[in-house]
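The values are calculated or read from the model by the stated rules, or taken from the named source; none is laboratory data. These numbers were taken from a predicted model, which means no experiment stands behind them. Positions of Cβ are backbone-derived with ideal geometry, glycine not excepted, and every protein chain shown enters the neighbour counts. Accessible surface areas use protein heavy atoms only, side chains included; no ligands, DNA or RNA. Shrake-Rupley method; radii C 1.70, N 1.55, O 1.52, S 1.80 Å.
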Amino acid sequence: MSQQVKILDGGMGRELARIGAPFRQPEWSALALYEAPERVREVHDSYIAAGAEAITTNSYAVVPFHIGDERFAADGARLAALAGRLAREAADAANSPVRVAGSLPPALGSYRPDLFNEQQAQAIHRVLVAAQAPYVDFWLGETTSSIAEAESIHAVLAGQPQPLWLSFTLQDEPELYDAVSTLRSGESVSAAVSRAIELGVENVLFNCSHPEVMSSAVKQAAAVRDRLGADIGIGVYANAFDHGSNSGGANEGLSDLRKDTHPEGYLNWAQEWVAAGATLVGGCCGIGPEHIGRLAAALK
């Protein structure tokens, strides 16, 4: 099974901050697109050097939630296109094949299915899709909190030739670590995966949640895939946020990172996910090139 595992990249924002790129709230990773785009390319290159076989455009924060309505109207398309071009150039310069994922983030706020508005979200995503389309190999709807968000992303991509990967974020309060994993909306993983398969996605993933809740989600996804006879991959890219760090609101500060998600510790989690049926493994917030290098060495 390990020979079939594909390695994804890690988090962008925290890595930009770590290497000294311009970085602050609320712009998050979008600030580097304004002030130091060469540092974004540097992060992409570091993940490719570590062994990533797919990299994600730095468009997660290119939304009004992070840069404001006025700047999104003025700069959103330009920044998204720049994010696409930087990733494409890094992938094309690689010594081995690397695919580019076009990030389609939660348009109205991460972890907030209660704020979702289809019309508003689709207006934002249309800008990101049009700007990134020339550069990407597939679309990545990531940190998706509800089935409705997933359906909205799929609708925006109608007519786009690139396949869609959908990645869901999970409830991950410590008291839920031993429970059956669910989306942040409270909807079941099984229902979300079933709907994703109906929508024709290429892969279903789980991201930006604590490592402890991922194996349950992978097992549920594998069971649905096998029951429906679907030909999809299952992936995980967890975050390194400290326990209970999601209690604060977005843009209120940087969440602390836990100590047990060092590269070897993260590999231990990844091996558990692969044993449960994952075929795609990478990292989210706080997971850097050294983690991806360890995954690549052990799992590819």
Query raised in the report: Which shape class, rounded, prolate or oblate, goes with the stretch 119-173 when its Cα gyration tensor gives a ≥ b ≥ c as root eigenvalues, a/c under 1.5 marks rounded, and past that a/b bigger than b/c marks prolate?
Result: prolate
Query raised in the report: Where in the chain are the DSSP H helices whose alpha-carbon span along the long axis reaches 24 Å or more and whose Kyte-Doolittle mean is at least -1.0?
Result: 69-92
Query raised in the report: Rolling a 1.4 angstrom probe over the protein heavy atoms, how many square angstrom per residue are accessible across the chain?
Result: 39 Å²
Query raised in the report: What is the set of long-range amide H partners of Ala54 at a cut-off below 5 Å, with H atoms built 1.01 Å from backbone N?
Result: Asp9, Arg99
**Report entry** Whole-Hz ³J(HN,Hα) from phi, Karplus 6.51 cos²θ - 1.76 cosθ + 1.60, for the stretch 14-19, glycine and proline x
**Finding:** 5, 6, 4, 5, 5, 8
Query raised in the report: Considering the dipole of the chain built from charges on the beta carbon (Lys and Arg +1, Asp and Glu -1) around the Cα centre, which of Gly159, Pro263, Gln120 is farthest to its positive end?
Result: Gly159
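Counting DSSP beta bridges with both partners in the chain, what percentage is antiparallel, nearest 5?
Rounded to the nearest five, the antiparallel share is 10 percent.
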Report summary line: With all protein chains in place and a 1.4 Å probe, Tyr135 shows an accessible area in Å² (nearest 10) of 60 Å²
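Using only the Cα atoms of the stretch 167-300, build the gyration tensor, take square roots of its eigenvalues as a ≥ b ≥ c, and label the shape rounded, prolate or oblate: rounded if a/c is under 1.5, else prolate if a/b is larger than b/c, else oblate. Write down the numbers at each step before the final one.
Numbers: a/c = 1.95, a/b = 1.26, b/c = 1.54.
Oblate shape, in that a/c is at least 1.5 and b/c is the bigger or equal ratio.
Rounded, prolate or oblate, given the Cα gyration tensor of the chain, with a/c below 1.5 counting as rounded? Can you show the working numbers first?
Details: a/c = 1.27, a/b = 1.15, b/c = 1.10.
Note, shape of the chain comes out rounded.
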**Report entry** All aspartates and glutamates inside 12 Å of Lys300 as judged from Cα atoms, apart from same-chain residues fewer than 8 positions distant
**Finding:** Glu53
Report task. Give the carbon-plus-sulfur fraction of the accessible surface of the chain in %, rounded to a whole number; probe 1.4 Å, heavy atoms of protein chains only. Result -> 49 percent
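About the Cα centre of the chain, what is the dipole size in debye to 20, counting +1 per Lys and Arg Cβ and -1 per Asp and Glu Cβ, all else neutral?
Working: 22 positive and 36 negative charges, 101 e Å.
It comes to approximately 480 debye.
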Query - For the chain, built as a Gaussian network whose Cα springs stay under 10 Å, the top-fluctuating residue of Pro26, Pro97, Pro163 - result: Pro97
Report summary line: Counting sequence-distant residues (5 or more places) and residues on other chains, those with an amide H built under 5 Å from that of Tyr237 are Phe206, Asn207, Cys208, Gly282
Query raised in the report: Among Gly186, Thr169, Gly200, which residue has its Cα positioned farthest towards the positive end of the charge dipole of the stretch 162-207, with +1 placed on the Cβ of Lys and Arg, -1 on the Cβ of Asp and Glu, and the dipole taken about the Cα centre?
Result: Gly200
